[in-house]
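> Take a look at the following structure, please.
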Amino acid sequence: MMRQAVRVLILAAVFFTISTVLGLLGRELGSPPWLLWPSTVGAAATSMLACALASVTGRGAARDFWRRLAYACGWLTAGTLGQTADTLAAGHPVAMSPFTATGYLVAVSVAALALIRLPRPQRTWRATVAMFLDIGIVAVAASLVVSHFFWSTSGPAAGAGAVPVMLVVVLTVACAAVVAVIKVGITRSSAVHRAAIWALAPIGLLGPAAWAVTPLLEERPFLNPTSVTLPSAAIFFAAAALLQIRANLNPAAREPQSLPADRPGHLGLWRHVSAVPYAAVGITAAMLIASIMRHGNLSPGMAGGSVVLTLLVMVRQYAALSDNNLLLDHLDAQANHDDLTGLPNRRFFTAALTGRTDPVTVAVCDLDGFSTLNDRLGDRAGDALLRAAAERIRVVAGPDAVAARLLGDEFGVLMPLVDGHTGPGLAESLLEAFRIPLRVDGHDLLVTVTVGIASGDGDTVPDLLRRAELALQAAKLTGANRFRDHSGELDATAAHHAELAAALRRGLDHGEFRLVYQPIVELPTGAITGVEALVRWHPADGPVVSPAEFIPVAEHSGLIIDLGAWILDQACADAATWHRRHGAGAPRVNINVSARQLLDPDLPGLVADALHRHRLSPDRITIEITETAVFAGGVALGTVRELRELGVGLALDDFGTGHSSLTLLRTCPVTTLKVDKSFIDDLNGTAEQEAIATSLSTIAATLGLRAVAEGVETRDQADRLHALGYRYAQGYYFARPSPAEEIDAALAEMALAS
């Protein structure tokens, strides 16, 4: 179909070229009055064919529009054939016959009907009034221009009898052009491809243009306004049809078939101000200025039209200013409120604190475990949960407080202090409110909150949000479903952590970290079968920093990702070295991975790259994880399964101190259980004290897992563990964490002893 449309466009260009050449060479060819009429008829027929092709590929309103245009071009062709026959019969230019005039008038009327019948989007009453004001401005401006043009010029087309009929035709064509411009430029109907409509719009200007040059055609009787304009119109018809067909056949290039309705909250119309009315006013103003300069005054009709146009413009501008005020109010509401919950957002909340000095309390609460619930239930249920939680917080806060959604599942409450207190404790009220399940999509969901509280007055008020968030972070460290008040100690801790995070970044960049390895031995011989990699920080300008101090900061700041990548690479490098030197006697290397690292989708790829880079077999590495990191499932558990698929071992560290769910041993593909030191400390006591350690050993043996006892500090503990069925242990009794060189030496000594 595209090829046919291109061929039609080429055919239209051929007829236009023929008409142009014949028009220029008319006198040399003898100037027969019928000279241009055959090519004119061909151009009209080409226009009909182009519109018919566009209707074939269209649907709905677009198909009907192009079908009506094809009918219009058919009437245009019939009228042109009638004028051609009359000219050939008379042998000289003749006036437009009733048949020809009827064909042209019907053609223009059907074309105008096609434009008018194009659907337009539904609008609010304000948008509709604005649209009709714009249409009125364009219509009045067009009337002034057309009336001034026709009544101030003269140029009979082909005899005196032709003038009235031709004038009616030209006026009708001009009106159709105005309808096209209004339909596309103002009402923005998109049932038909907009570029195609704009390509059709100039056709309406060809009639008035031909009338303007009629005096120049008097010396060339073989030229006629119709024969001059129709070949050009055929090109516009063919080009518009080609644009429409391309849009129909290429959905990616097609505009939306219907614009969204203008309704509260939707600003589609107001964001795209039409330039058409302003252009119409500009053209009219230029014409009036030219008329005054030429004649010294305006005719009564033009003066009256100018007054009407001015009034319409004033009313339209007033409407535009009113719309702008509504738009600004709406934008302000959008900028300061959350779309999902309808609560004020962080911007509004912060502004409410700025400049305030009266005593207030700020509470920041976070929904416990929301991300896990959202993963399990889906985004739709997650959004519903947030809306339900927002409503409950708003009710708890009361009418005198400001409740806002700050981030994700984090909400804030700003409550004024009355007589130095907030009545019932705000934090306790929030905790108590969420002990009642939330109703979400027909289900009751129990979701608790953790709360941070900060109070103050005067200059401290703008800083209360930061303080409450610090208190929230501190509360989270101690667990869920609890609250904590802000204190000066939290500020000092936050400042220290910020400094420590910056120092961590510098330490990573300057190579200040070292790995040490604690042996994992076989009972009862004490032979080294594995080692656990432990990181140590030796700042260049200070003492050694304890892992208990910098690991939490690395977790919170996200630096644990980079630090973990370095640990992984260095541990694999040392494991590869030991394997080359000691072969089968080389120890398996355990590498700790944090909960934050398990949420990184790149972790399995990092492990695979490190193994490949150091040419290390996956069975020489064991990844240590904690129960709490994978208990909730989701992304972390998926990452663990990907790691196991690589062939590396998986160890549950500190087993027994977390959730200790036996289901976890079924869902998580672990290969080793590391029994926590707290159970080892109870050995050599009563049967009740040793029950858990014994049970864990039995469970591991039944499931085919290795059980490693951690924190062994005495020979009696080691002997008792062996008696209880343990075959592997780790602790200071056997060896303290040592650099890789000392482990290498111990392996060499063990090899000599054997």
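The values are calculated or read from the model by the stated rules, or taken from the named source; none is laboratory data. Bear in mind that the values here come from a model prediction, so they are computed numbers and not experimental data. A quick note on method: Cβ atoms are made from the backbone with ideal geometry, for glycine too, and the neighbour counts reach across all protein chains shown. Note: accessible area is taken over every heavy atom of the protein model, side chains too, but ligands, DNA and RNA are not part of it. Shrake-Rupley method; radii C 1.70, N 1.55, O 1.52, S 1.80 Å.
> In whole Hz, what ³J(HN,Hα) sequence does the range 375-384 give by Karplus (6.51, -1.76, 1.60; θ = phi - 60°), x for Gly and Pro?
With coefficients 6.51, -1.76 and 1.60, one gets 5, 6, 8, x, 5, 4, 5, x, 5, 5 Hz.
> For the range 1-122, give the percent of accessible area contributed by carbon and sulfur heavy atoms, probe 1.4 Å, rounded to a whole number.
Carbon with sulfur: 68 percent of the solvent-accessible area.
> Rounded, prolate or oblate, given the Cα gyration tensor of the range 1-88, with a/c below 1.5 counting as rounded?
oblate
> Quick one: accessible area per residue over the range 432-529, 1.4 Å probe, rounded to a whole number of Å²?
Result: 50 Å² per residue.
> Per-residue HN-Hα couplings for the range 465-480, Karplus 6.51 cos²θ - 1.76 cosθ + 1.60 at θ = phi - 60°, whole Hz, x for Gly and Pro?
5, 4, 5, 5, 5, 4, 5, 5, 4, 5, 5, 5, 5, 9, x, 9
> Can you list the trypsin sites (Lys or Arg not before Pro) in the range 7-100 that are in a DSSP coil and have 12 or fewer other beta carbons within 10 angstrom?
Hits after loop and neighbour filter: Arg27, Arg59.
> Quick check: at a probe of 1.4 Å, how many percent of the accessible area of the range 366-487 sits on carbon and sulfur atoms?
That fraction is 51 percent.
> Could I ask something else about it? How many Å² of accessible area per residue for the range 666-741, probe 1.4 Å?
On a per-residue basis, 49 Å².
> Restrict the search to the range 567-626; then list the trypsin sites (Lys or Arg not before Pro) that DSSP places in a loop and that have at most 14 other Cβ atoms within 10 Å of their Cβ.
The qualifying sites are Arg615.
> Taking all protein chains as present, what is the carbon and sulfur share of the accessible area of the range 544-670, in % to the nearest whole number, probe 1.4 Å?
Of all accessible area on the range 544-670, carbon and sulfur atoms account for 52 percent.
> Long-range amide H contacts for Leu650: which residues qualify at under 5 Å (H placed 1.01 Å from N, peptide plane, sequence gap of 5 or more or a different chain)?
Hits under the 5 Å cutoff: Ile623, Thr671, Thr672.
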